[in-house]
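What follows is one structure encoded as structure tokens, with my remarks underneath.
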Amino acid sequence: MSNAFRWQSGTALLLALGLGVGTIVPTITAAPVVAQTQTQVQFSDVPSGHWASEFIVSLAAQDIIAGFPDGTFRPEAPVTRAQYAAMLRQAFNQSSVRGATTFVDVPAGYWATEAIREANMMGFLSGYPGNEFRPNLNIPRAQVLVSLANGLNYTATNTNSVQIYRDAAQIPDYAVTSIAAATEQRMVVNYPDLQALQPNQTATRADVAAFIYQALASQGQVAMIDSPYIVGQSIVVNDSTVPAGTVLSVSYEESDTVVVLPEETTDLTLEVTQAVTNTSGNILIPVGSQIVGELRPSGEGTQFVAQELVLPEGDRFTLNATSQTVTTTETISRGATLGETLLGAAIGSGAAAAIAGLTGDQRVETLEVLAGTATGATIARLLGRDQIEVITVNPSEDLSLVLNAPLTLSAQ
């Protein structure tokens, strides 16, 4: 499967999306997506100040996209499903996840037949009822984002991630989970309004270039671009009140893993990794702000419940926010040593006592032990077993926090 192809004729600058190429046949070559070391390409209608300039120029330098013979890119032109399939074929080299589908409206001699077949087999695109692909249908922004999230097998940690968009109610039901995943992976680029997703608006060539670039960046295939329109680099609110439903990205600076017993409550302080700003550019919640709370038993797992936000300057605010319930477990057997998952982990005091008693591994004493509570009856019951299950939490991946109530702050 190819990552790049070049036109054989004088239409060398025609976009790989296949705009109006008719029966021109491409020559296929295998070439991986590489770092941005190629000669830069500039288009007459994409000046350096254009919002999508870096995305477009960077992809063009890698032969993933191209312009037109007149030296333009036409960033505002719409993109059809066939054109989008051709662009996917250029950008990605995923393994097939299903067999080929024969679409009744994509004949063997159609210019994008192979691109559609490969995009479908890689899992990026599906058809419509009756085995129709509808290649000439303009593709909406929501479909592009769903396609990329699904093709890269991304899943959302919290579907409330979409509440960052003022027009979240306009997202089709089928797209909510995938767009939440795309949002969490920083694949969404919204111009000119960061909070306006416009999910049902036809995607432009600039939109598609930005989305595909961010999808490649999420996999480490290209360098990150510092654009103010990438959702997730900061959260923007209209005034000094952060609305309910906003997702806060956090991490635990002391360790990548936190281990607790299923019935244990453990104190934990997280750090904000994504700034919250208002539309005037003023920072409401800076990166590095602390969120004080605790891991509490929740169903079959554990959930972080926030209690207080502490800004770097020391200002404190009551915070009503929670994570999803984390149910990832690891079994510790009697006589075993600490597994790789537990080495270097921060560990709840109850889990530390239970594991030390079960394994006799003195290295438990070298781990960071978090203050918390586990009942004496729980510890006694566990000490009589040959194995126990602990819950393992990756804070940066598992503990995205959703505000359950509005939070009013003063701009910094």
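The values are calculated or read from the model by the stated rules, or taken from the named source; none is laboratory data. Source: prediction; values computed, not measured. Every residue, glycine as well, gets a Cβ built from its backbone with ideal geometry; the counts of neighbours run over all protein chains shown.
Just one of A108, A82 is outside any loop (DSSP other than H, G, I, E, B) and assigned by TED's automatic domain parsing to the domain that holds F211; which is it?
A82
If the requirement is being of a type in the set (G, A, S), under 23 Å from G220 (Cα atoms) and at pLDDT 95 or above, which of these qualifies: A149, A180, A203?
Step by step, each of A149, A180, A203 is checked, and only A149 is of a type in the set (G, A, S), under 23 Å from G220 (Cα atoms) and at pLDDT 95 or above.
Looking at segment 114-173 only, could you name the residues that are part of a helix (DSSP H, G or I), within 21 Å of the chain's Cα centre (by Cα) and small (G, A, S)?
A119, A142, S147, A149, G151, S161, A168, A169
Answer with yes or no whether P199 is surrounded by 18 or more Cβ atoms within 10 Å (Cβ to Cβ) and of a type outside the set (D, E, K, R).
Criteria met by P199.
Being buried (at least 22 other Cβ atoms within 10 Å of the Cβ) and within 30 Å of T328 (Cα to Cα) is the filter here, so list the residues in segment 127-155 that pass it.
Listed by number, the residues that qualify are L145, V146, S147, L148, A149.
In segment 368-376, is there at least one residue being in a helix (DSSP H, G or I) and at pLDDT below 60?
yes
Name the one entry in A244, A217 that is surrounded by fewer than 20 Cβ atoms within 10 Å (Cβ to Cβ) and in contact with a Leu (Cβ under 9 Å, 6 or more places away or on another chain).
Of A244, A217, the one residue that is surrounded by fewer than 20 Cβ atoms within 10 Å (Cβ to Cβ) and in contact with a Leu (Cβ under 9 Å, 6 or more places away or on another chain) is A244.
Just to be sure I understand the filter: pairs with C-beta atoms under 7 Å, separated by 6 or more residues or on different chains, first member in segment 131-142 and acidic (D, E), second member surrounded by 19 or more Cβ atoms within 10 Å (Cβ to Cβ). Which pairs pass?
Between residues of segment 131-142 that are acidic (D, E) and residues that are surrounded by 19 or more Cβ atoms within 10 Å (Cβ to Cβ), the close pairs are E132/F103.
Can you tell me which residue within segment 89-125, out of those that are free of Cβ contacts under 8 Å to residues at least 12 places away in the same chain and not hydrophobic (A, V, I, L, M, F, W, C), is nearest to Y154 (Cα to Cα)?
T113
Under the condition of being free of Cβ contacts under 8 Å to residues at least 24 places away in the same chain and not hydrophobic (A, V, I, L, M, F, W, C), which residue from segment 156-173 is surrounded by the fewest Cβ atoms within 10 Å (Cβ to Cβ)?
D173
Taking segment 401-412 only, how many residues are small (G, A, S) and modelled with pLDDT under 85?
Filtering segment 401-412 down to residues small (G, A, S) leaves 405, 410-411.
With modelled with pLDDT under 85 added as a condition, the list becomes 410-411.
Result for segment 401-412: 2.
Do we find a residue being among the aliphatic types (A, V, I, L, M), part of a loop (DSSP other than H, G, I, E, B) and touching a Lys or Arg at 6+ places or on another chain (Cβ under 8 Å) anywhere in segment 254-261?
Keep residues of segment 254-261 that are among the aliphatic types (A, V, I, L, M), which gives 258-261.
Okay, now just the ones that are also part of a loop (DSSP other than H, G, I, E, B), so 261.
Next, from what is left, pick out any that are touching a Lys or Arg at 6+ places or on another chain (Cβ under 8 Å): none.
Looking for residues that are among the aliphatic types (A, V, I, L, M), part of a loop (DSSP other than H, G, I, E, B) and touching a Lys or Arg at 6+ places or on another chain (Cβ under 8 Å), one finds none in segment 254-261, hence no.
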